[in-house]
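The values are calculated or read from the model by the stated rules, or taken from the named source; none is laboratory data. Everything quoted here is computed from the prediction, not taken from an experiment. Neighbour counts run over all protein chains shown; Cβ positions are idealised from the backbone, glycine included.
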Amino acid sequence: MSILIYAESVEGKFKKTAFELASYGKKIAAETGTTVTALTINATDVAPLGQYGVDKVLNVKSDKLSSFNAKAIADTIKQAAVKEGAKIVLFTSTTDSLYIAPLVAVALEAGYASNVVALPESLSPFRVKRNAFSNKAFSFTEINTDTKVLAIGKNSFGLIESAAAATIEDFSPSLNDNDFTVRVESSEKGSGKVTIADAEVVVSGGRGLKGPENWYLLEDLAGALGAATACSKPVSDLGWRPHSEHVGQTGKPVASNLYIAVGISGAIQHIAGINSSKVKVVINADADAPFFKVADYGVVGDAFEILPKLTEKIKAFKAQNS
Amino acid sequence: MKILVCISHVPDTTSKINFTNGDSEFDTNGVQFVINPNDEFGLTRALWFKEQQGASVTVVNVGGPDAEATLRKALAIGADEAIRVNAAPTDGYFVAKQLAEVVKSGGYDLVIAGKESLDYNGGMVPGMLAGILGYDFVNSCIKLEVNGSEAKAVREIDGGKETLGVKLPLVIGGQKGLVEEKDLRIPNMRGIMMARQKALTLLEPVSAEAKTKAVKFEKPAPKSAVKMISADNLDELVNLLHNEAKVI
């Protein structure tokens, strides 16, 4: 028996969420006296996983898996779980992992809980705390199957280093044509831009910015902070910014360390979507904007004056502290 | 083409969320219920297929009698018929098992569900349904075109999008982008009248065991008061973000 984590890599490299997942797995493994096995697919260097508690790596190298295929990856993870006798299978909350996890749960006849935000509250019965009602509440969910599948929310568990080297084993799943009925025809990725999913800092704008031509003010601040840019629902509905930047209950969730909202009044749906962010800064001309009620830091004033000044101050700070 | 659209009956996005019975149940008191927004984008796309390519559109919900008002709304904006599986939607696997039975007995080519519901946010029903049926599956789908038995689906990926070629039968986990916000329909009087004539079939559930159970709910701890910083003193903001919040 071991704990299996799916350590997702992008172009061969792991993101921080993979190491968070390893840390999370190690913590449960230590409590239950077991080990952590990581499954990796076409990763270039798997050694860093050992620094976060992974005992063993099942390393898959496969040309067939070079483009994303949910069914084939789910089949691979299932076979790894069976081989390792894994009773707990862990995923991150990336778009790809959330696509695969329910398929793996069905294949392993496992109960599945997503949006998990903390270590299991109890191991028997197995109970986890998860986000529900679009971050307006937590749900404590029990999983009553022998095998459990969890998807851990971004930024809900820190990194824990544990200095040990992982053993690395090549793993060749047996895949058949039926795993490859979905074909990737093309893939488009914005180059060089920080994505909302990965960002530690997100800078977001609302109608208070008055028009798309003013977005450079927000982009300058984001550039200084190494942040992703996002927007409120009205801004995306008006076509000022693409849908992919809309954050909120019906848009993307944000779970960054720092969320800066500029000219967003703070509708309940918007707040629900960004509530998992750790620190919230609200900049708004209206001192009565409801967003201030849930903010950590607030500034009342004209965004057109504040943004360039704040950008300069952040740049100066970064220059001093780097 | 026979399309099945899975509909969750969820609290309106503006709802205040409260719990009852020792924090073990969602308090529906005073809550307005709606078609789950992710499902509504899928339903509206299904209606486009019906009108442009000649498809039939059935909507299905696994839930109690109170969900019928939500199904009637789906009929009022253009779905042909509705099915309600008469069972409490206890967990995602249980719901997926019920839906799988409906899909098999109805012979649907295309099944569209929202990628997640706005109440329990499990994000598992479409994937589990596809897994149980052995159908192809596209999640976070933002664009869908069907030509005979072939489909092209665009899915959102972190930082971009990907176009997939797939064959029917197919399960879609849909979201905004399948149609635009402005394409969503509001029931008109004629639609509401016609919906009364349309079939709403009641099915009894098949036996299936829930694998998970939400045993308790909790609201986030109240926020400590916001610290206001003068617009003339942004150095203080930078200082607080660095030394107090430790986020830059």
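Confirm whether A:Ser156 is in a loop (DSSP other than H, G, I, E, B), more than 9 Å from chain B (Cβ to nearest Cβ) and among the hydroxyl-bearing types (Ser, Thr, Tyr).
Details: in a loop (DSSP other than H, G, I, E, B): yes; more than 9 Å from chain B (Cβ to nearest Cβ): yes; among the hydroxyl-bearing types (Ser, Thr, Tyr): yes.
Answer is yes for this residue.
Would segment A:252-267 turn up any residue that is buried (at least 21 other Cβ atoms within 10 Å of the Cβ), closer than 22 Å to B:Thr14 by Cα and free of Cβ contacts under 8 Å to residues at least 24 places away in the same chain?
No, segment A:252-267 has no match at all.
Looking at (1) more than 10 Å from chain B (Cβ to nearest Cβ); (2) touching a residue at least 60 places away in the same chain (Cβ under 8 Å); (3) outside any helix (DSSP H, G or I), which is the only condition A:Gln249 fails?
Going through the list (1) more than 10 Å from chain B (Cβ to nearest Cβ); (2) touching a residue at least 60 places away in the same chain (Cβ under 8 Å); (3) outside any helix (DSSP H, G or I), A:Gln249 breaks only (1).
Just a yes or no: is a residue in segment A:101-115 of a type outside the set (Val, Ile, Thr) and at positive phi?
Applying the first criterion (of a type outside the set (Val, Ile, Thr)) to segment A:101-115 yields A:101-103, A:105, A:107-115.
Now narrow it down to the ones that are at positive phi: A:109, A:115.
Taking every residue of segment A:101-115 in turn, at least one turns out to be of a type outside the set (Val, Ile, Thr) and at positive phi.
Could you tell me which residue of segment A:304-313 is farthest from A:Trp215 (Cα to Cα), considering only residues that are within 10 Å of chain B (Cβ to nearest Cβ) and out of contact with any Leu (no Cβ under 6 Å at 6 or more places or on another chain)?
Here the answer is A:Glu312.
Looking only at segment A:83-126, count every residue that is surrounded by fewer than 20 Cβ atoms within 10 Å (Cβ to Cβ) and free of Cβ contacts under 8 Å to residues at least 12 places away in the same chain and tell me the total.
Count: 2.
Consider B:Arg84 carefully, then state whether it is assigned to a strand (DSSP E or B), surrounded by fewer than 24 Cβ atoms within 10 Å (Cβ to Cβ) and not aliphatic (A, V, I, L, M). Talk me through it step by step, then tell me what you get.
On the way: assigned to a strand (DSSP E or B): yes; surrounded by fewer than 24 Cβ atoms within 10 Å (Cβ to Cβ): yes; not aliphatic (A, V, I, L, M): yes.
Spelling it out, B:Arg84 is indeed assigned to a strand (DSSP E or B), surrounded by fewer than 24 Cβ atoms within 10 Å (Cβ to Cβ) and not aliphatic (A, V, I, L, M).
Residues that are touching a residue at least 40 places away in the same chain (Cβ under 8 Å) and within 8 Å of chain A (Cβ to nearest Cβ): list the strands (runs of 3 or more DSSP E) wholly contained in segment B:157-248 that include at least 3 such residues.
Numbers: elements: B:160-167, B:170-174, B:200-203, B:212-218.
Result: B:212-218.
Name every residue in segment A:229-246 that is facing another protein chain (nearest Cβ under 9 Å) and either among the polar types (S, T, N, Q) or closer than 15 Å to A:Val194 by Cβ (or both), in order of residue number.
A:Ser236, A:Ser244
Quick one: would you say A:Thr195 is among the polar types (S, T, N, Q), closer than 20 Å to A:Tyr259 by Cα and either outside any loop (DSSP other than H, G, I, E, B) or within 10 Å of another protein chain (Cβ to nearest Cβ) (or both)? Steps first, please.
Working: among the polar types (S, T, N, Q): yes; closer than 20 Å to A:Tyr259 by Cα: yes; either outside any loop (DSSP other than H, G, I, E, B) or within 10 Å of another protein chain (Cβ to nearest Cβ) (or both): yes.
Spelling it out, A:Thr195 is indeed among the polar types (S, T, N, Q), closer than 20 Å to A:Tyr259 by Cα and either outside any loop (DSSP other than H, G, I, E, B) or within 10 Å of another protein chain (Cβ to nearest Cβ) (or both).
All but one of (1) surrounded by 15 or more Cβ atoms within 10 Å (Cβ to Cβ); (2) closer than 28 Å to A:Ala18 by Cα; (3) touching a strand residue (DSSP E or B) at 6+ places or on another chain (Cβ under 7 Å); (4) more than 14 Å from chain B (Cβ to nearest Cβ) hold for A:Leu218, so report the exception by its number.
(2)
Looking at A:Ala151, A:Ala224, A:Ala228 in this structure, which one is within 18 Å of the chain's Cα centre (by Cα) and closer than 28 Å to A:Glu312 by Cα?
Values: A:Ala151 fails: closer than 28 Å to A:Glu312 by Cα; A:Ala224 fails: within 18 Å of the chain's Cα centre (by Cα).
Sole residue among the options that is within 18 Å of the chain's Cα centre (by Cα) and closer than 28 Å to A:Glu312 by Cα: A:Ala228.
Scan (1) in a helix (DSSP H, G or I); (2) more than 30 Å from A:Ala110 (Cα to Cα) for the single condition B:Glu101 breaks and write down its number.
(2)
Could you tell me which numbered condition A:Thr32 fails, if it satisfies all but one of (1) crowded, with 18+ Cβ neighbours inside 10 Å; (2) farther than 30 Å from B:Ala208 by Cα?
(1)
Do you know which residues across segment A:128-146 are within 23 Å of A:Glu84 (Cα to Cα) and at the interface with chain B (Cβ under 7 Å from one of its Cβ atoms)?
A:Ile143, A:Asn144, A:Thr145
A:Ala43 is checked against (1) part of a loop (DSSP other than H, G, I, E, B); (2) free of Cβ contacts under 8 Å to residues at least 12 places away in the same chain and fails just one. What number does that condition carry?
(2)
Looking at (1) surrounded by fewer than 20 Cβ atoms within 10 Å (Cβ to Cβ); (2) of a type outside the set (Asp, Glu); (3) within 27 Å of A:Asp177 (Cα to Cα); (4) out of contact with any strand residue (DSSP E or B) (no Cβ under 9 Å at 6 or more places or on another chain), which is the one condition that is false for A:Lys61?
(4)
Could you tell me which of the residues B:Gly106, B:Gly131, B:Gly123 is buried (at least 19 other Cβ atoms within 10 Å of the Cβ), modelled with pLDDT of 95 or more and on the phi < 0 side of the Ramachandran plot? Explain how you work it out, then say what you get.
Working: B:Gly106 fails: buried (at least 19 other Cβ atoms within 10 Å of the Cβ); B:Gly123 fails: on the phi < 0 side of the Ramachandran plot.
Step by step, each of B:Gly106, B:Gly131, B:Gly123 is checked, and only B:Gly131 is buried (at least 19 other Cβ atoms within 10 Å of the Cβ), modelled with pLDDT of 95 or more and on the phi < 0 side of the Ramachandran plot.
Pick out the one residue from A:Ser191, A:Ser156, A:Ser162, A:Ser187 that is farther than 24 Å from A:Ala101 by Cβ, surrounded by 12 or more Cβ atoms within 10 Å (Cβ to Cβ) and at pLDDT below 95. Steps first, please.
Values: A:Ser191 fails: surrounded by 12 or more Cβ atoms within 10 Å (Cβ to Cβ); A:Ser156 fails: farther than 24 Å from A:Ala101 by Cβ; A:Ser187 fails: farther than 24 Å from A:Ala101 by Cβ.
On inspection, the qualifying residue turns out to be A:Ser162.
Output the number of the condition that A:Val182 fails; it satisfies all remaining conditions of (1) over 22 Å from A:Lys16 (Cα atoms); (2) more than 14 Å from chain B (Cβ to nearest Cβ).
Result: A:Val182 passes all but (2).
So how many residues does segment A:274-295 have that are out of contact with any Ser or Thr (no Cβ under 8 Å at 6 or more places or on another chain), in a loop (DSSP other than H, G, I, E, B) and either within 8 Å of chain B (Cβ to nearest Cβ) or among the small types (Gly, Ala, Ser) (or both)? Can you show your working first?
Step one: of segment A:274-295, the residues out of contact with any Ser or Thr (no Cβ under 8 Å at 6 or more places or on another chain) are A:275, A:279-283, A:285, A:287-288, A:292-295.
Applying the additional criterion that residues be in a loop (DSSP other than H, G, I, E, B) yields A:275, A:285, A:287-288, A:295.
When the remaining residues are screened for being either within 8 Å of chain B (Cβ to nearest Cβ) or among the small types (Gly, Ala, Ser) (or both), the result is A:275, A:285, A:287, A:295.
Selection size over segment A:274-295: 4.
Of all residues in segment B:134-150 being hydrophobic (A, V, I, L, M, F, W, C) and more than 10 Å from chain A (Cβ to nearest Cβ), which is surrounded by the most Cβ atoms within 10 Å (Cβ to Cβ)? Let's see the steps before the verdict.
The first filter runs over segment B:134-150 and keeps only residues hydrophobic (A, V, I, L, M, F, W, C), leaving B:137-138, B:141-142, B:144, B:146.
From the residues that got through so far, the ones that are more than 10 Å from chain A (Cβ to nearest Cβ) too are B:141, B:144, B:146.
Values: B:Cys141: 27, B:Leu144: 25, B:Val146: 19.
That would be B:Cys141.
Could you check B:Arg155 against (1) at pLDDT 95 or above; (2) under 30 Å from B:Ser24 (Cβ atoms) and say which number it fails?
So B:Arg155 meets the others, but not (2).
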